[in-house]
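The values are calculated or read from the model by the stated rules, or taken from the named source; none is laboratory data. Just so you know, these numbers come straight off a predicted model, no measurement behind them. Every residue, glycine as well, gets a Cβ built from its backbone with ideal geometry; the counts of neighbours run over all protein chains shown.
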Amino acid sequence: MKLKLLSFLLLTFILWIGYSCGKKETPAPTSPTGQNCLEGMKSSSFNLFGVQKDIALGLETEKEILSNPSSYPVLDSIKYASAYKFLYDMRNEILNSGLLTYKNEFVWKLKIIHDDSVLNAFCTPGGYIFVYSGIIKYLETEDQLAGVLGHEIAHADKRHSTEAMTKQYPLLITSSVLGLDKTTLGNLVTSLIALKYSRDNESEADAYSVVFLSKTRYKCSAGAGFFQKLINDGKNPCGTNPTAKYTSTHPCPDNRVENFNNIGNCYQCSSKEVGSTAYNVFKNSIPKSPNMP
Ligand SMILES: [Zn+2]
């Protein structure tokens with residue numbers, strides 16, 4: 001037993017040395033005046049999982065999601081090809097910003113979950129992105145959705161899921177995901193789907209949404225639009241008196257709006273929005289989801 005623990009610690013140490021020497025990161029550009037726009041922001045921390053594990057875990061998570069259409073009713077990508085094309089074009093603009101670390105290693109596959117009641121999107125490790133029709137229909141401009149997509153892409157590109165798993169499941173670092181038994185893998189995938197990112201991870205994903213969009217035709221701070229709309233519509237989950245429980249893991253929408261805008265101003269990028277004309281055509285091409293009255 002002692003020997004097992006010792007070998008585990010030794011292996012972890014070797015992996016850590018490898019991590020420290022081989023950490024790959026595309027740096028955020030400076031502002032036009034040479035300023036570091038992300039100064040003081042906590043960036044991704046310790047992650048002992050290899051990049052290949054992000055890819056393997058993402059694939060398993062996608063399989064699990066696709067095998068459960070009652071919880072995750074995916075919109076048919078053949079029947080609604082034009083909606084998917086709109087989303088993929090938006091994705092390509094962000095990927096082509098030249099500012100991702102894993103543009104070529106991860107799959108960056110998109111699926112629309114046909115549920116108008118959910119205002120959310122998420123991205124698994126390895127770049128499997130799921131966008132609910134609810135958030136697509138809630139947002140008002142193409143730029144706002146690009147901001148949300150940039151945020152989700154940042155979570156995967158910064159490898160936030162496996163960073164969280166380094167803390168939660170350290171023993172998995174040394175095991176092959178594909179070699180795991182079905183129950184363990186199932187539990188792992190379930191916890192990945194329900195994973196809550198840390199407050200620092202959320203702030204970093206917001207910041208990189210601005211960084212990525214700064215090299216596209218979109219308004220770079222447009223991710224603020226979703227949170228501003230939540231506030232305007234009285235849907236601010238922090239309310240006027242934020243609870244400690246919520247704010248310990250999530251930055252409040254008003255702080256997020258401020259951060260998006262500050263970083264956007266620092267980059268001096270376009271404040272002009274691409275707008276809503278094409279976006280409305282895209283929204284209208286997605287029918288009402290069957291669970292809506
Ligand atoms: Zn997030």
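Tally time: how many residues in region 197-220 are away from the ligand (no atom under 16 Å from the Cβ) and buried (at least 19 other Cβ atoms within 10 Å of the Cβ)?
Residues in region 197-220 being away from the ligand (no atom under 16 Å from the Cβ) and buried (at least 19 other Cβ atoms within 10 Å of the Cβ): 5 in total.
Of the residues Ser97, Ser77, which single one is in contact with a Lys or Arg (Cβ under 8 Å, 6 or more places away or on another chain) and closer than 18 Å to Asp157 by Cβ?
Being in contact with a Lys or Arg (Cβ under 8 Å, 6 or more places away or on another chain) and closer than 18 Å to Asp157 by Cβ holds for just one of Ser97, Ser77, which is Ser97.
Kindly indicate whether any position in region 48-56 is touching a strand residue (DSSP E or B) at 6+ places or on another chain (Cβ under 6 Å), assigned to a loop (DSSP other than H, G, I, E, B) and free of Cβ contacts under 8 Å to residues at least 40 places away in the same chain.
No, the conditions are met nowhere in region 48-56.
Within region 58-81, which residues are surrounded by fewer than 17 Cβ atoms within 10 Å (Cβ to Cβ), modelled with pLDDT under 95 and in contact with a Phe, Trp or Tyr (Cβ under 9 Å, 6 or more places away or on another chain)?
Leu66
Residues that are more than 16 Å from the ligand (Cβ to nearest atom) and modelled with pLDDT under 95, at least 3 per element: which helices (runs of 4 or more DSSP H) completely within region 82-196 meet that?
Answer list for region 82-196: 160-168, 182-193.
Of the conditions (1) of a type in the set (D, E, K, R); (2) touching a helix residue (DSSP H, G or I) at 6+ places or on another chain (Cβ under 8 Å); (3) crowded, with 18+ Cβ neighbours inside 10 Å, Lys103 satisfies every one except a single condition; which number is it?
That leaves (3) as the condition not met.
Could you check region 35-53 and list, in sequence order, the residues that are modelled with pLDDT of 85 or more and surrounded by fewer than 11 Cβ atoms within 10 Å (Cβ to Cβ)?
Residue satisfying the conditions is Glu39 alone.
Which members of region 222-253 meet the condition of being within 16 Å of the ligand (Cβ to nearest atom) and at pLDDT 90 or above?
Ala222, Gly223, Ala224, Gly225, Phe226, Phe227
Cβ-Cβ under 7 Å, sequence separation 6+ or interchain: first residue in region 107-123 and more than 17 Å from Asn68 (Cα to Cα), partner crowded, with 20+ Cβ neighbours inside 10 Å and of a type in the set (S, T, N, Q). Which pairs?
That search, which allows pairs on different chains as well, returns Asp116/Ser133.
Given (1) at pLDDT 90 or above; (2) not in a helix (DSSP H, G or I), where does Pro32 come up short, assuming only one miss?
Looking at each condition in turn, Pro32 falls short on (1).
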